[in-house]
1. Taking helices (runs of 4 or more DSSP H) that do not extend beyond the stretch 40-110, which have at least 2 residues that are of a type in the set (Ser, Thr, Tyr)?
2. When you look at residue 76, is it within 21 Å of residue 20 (Cα to Cα), modelled with pLDDT of 90 or more, of a type outside the set (A, V, I, L, M, F, W, C) and loosely packed, with under 15 Cβ neighbours inside 10 Å, yes or no?
3. Going through the stretch 7-22 one residue at a time, which ones are more than 50 Å from the chain's Cα centre (by Cα) and surrounded by 10 or more Cβ atoms within 10 Å (Cβ to Cβ)?
4. If we keep just the residues of the stretch 23-57 that are of a type in the set (Ser, Thr, Tyr) and more than 14 Å from residue 7 (Cβ to Cβ), which is surrounded by the most Cβ atoms within 10 Å (Cβ to Cβ)?
5. Of the conditions (1) closer than 30 Å to residue 100 by Cα; (2) in contact (Cβ under 8 Å) with a residue 24 or more places away in the chain; (3) outside the structural domain of residue 111 (by the TED database), residue 34 clears all except one; give me its number.
6. Just checking, how many residues over the stretch 82-104 are exposed (fewer than 13 other Cβ atoms within 10 Å of the Cβ), closer than 26 Å to residue 12 by Cα and not polar (S, T, N, Q)?
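The values are calculated or read from the model by the stated rules, or taken from the named source; none is laboratory data. Note that this is a predicted model, so its numbers are computed, not measured. Neighbour counts run over all protein chains shown; Cβ positions are idealised from the backbone, glycine included.
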Amino acid sequence: GPWTPEEDELLSNYINKEGEGRWRTLPKRAGLLRCGKSCRLRWMNYLRPSVKRGQIAPDEEDLILRLHRLLGNRWSLIAGRIPGRTDNEIKNYWNTHLSKKLISQGIDPRTHKPLNPQQLSPSPPTLKPSPSSSSSMAKRNNPPSPLPVHVFNANKQNDYYDGSNEDHQGMIMNNDHYQQQQDHEDDGFSSFLNSLINEDDDALVSNLGLSQGWESTPFDQPK
C-alpha cells in the first residue's frame, strides 16, 4: 500500500542517523514492515533532501531532450546528469509530455528524426514474377502449336478404296490399315503429351531449385 507519513518519518530518521545502504536488513532495524527495495525506492525518489520538487523547468526539459537523443531510454543515466531529478520522475515526464510534444511537431520520439508519412503508411511492394510464373504465363499466351497434319493423316490418301470391289478380304485389309493409322495417331498424341509433361517437369525442377543433372531416385521395390 501507499506509504504513510509515520513510515516516511521512521525511514528518514533511520537513514539520517545510520546512513544509506544495507537495504535488505534496514526495514527490520528501522521498525518498518516493508521490503528493502520499497524502502530504497521511497528514499531515492521522494525522501532524499537532494530530490527536487515541483515542475520540470524549461532548461531541464531541454537537457532531457538532448540526453535522450544520445542515450535513449536509459533513464538512470539521464537522471544522473540532472541534479535533483529521479529516473522514475524523468521517465514519467517523458511518456506523458515530451514524447507527445515531439509527435505533435512531426518528430519521431524514438529517433528524434522527422516523421515520414510514407513510412507510416507504406505502399505495398511490387512483386516481381518468378521465372516459373513467367514461363507459365508464356505458355498461356503462346499455346503449343498443333501437331502437323501428316502425323495424324499420314498416307490418308491411301485410305480410300473402291466400293465396287469391296469384299471380305478388302475389309480385313482396311481394318488393318485403320488400326495402323490409329496406332500412329496414338503415338503422335503420346509424344505431344510427353513433351508437355517434360516441360512441367522442367518447371518443377526449376521451382525446387534442383540442378539440371538431377535424377529421381527409384523407390525401393518390395522384397
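1. By residue number, 99-104.
2. yes
3. Answer for the stretch 7-22, where residues must be more than 50 Å from the chain's Cα centre (by Cα) and surrounded by 10 or more Cβ atoms within 10 Å (Cβ to Cβ): 7, 8, 9, 10, 11, 12, 13, 14, 15, 16, 18.
4. 25
5. (1)
6. 1
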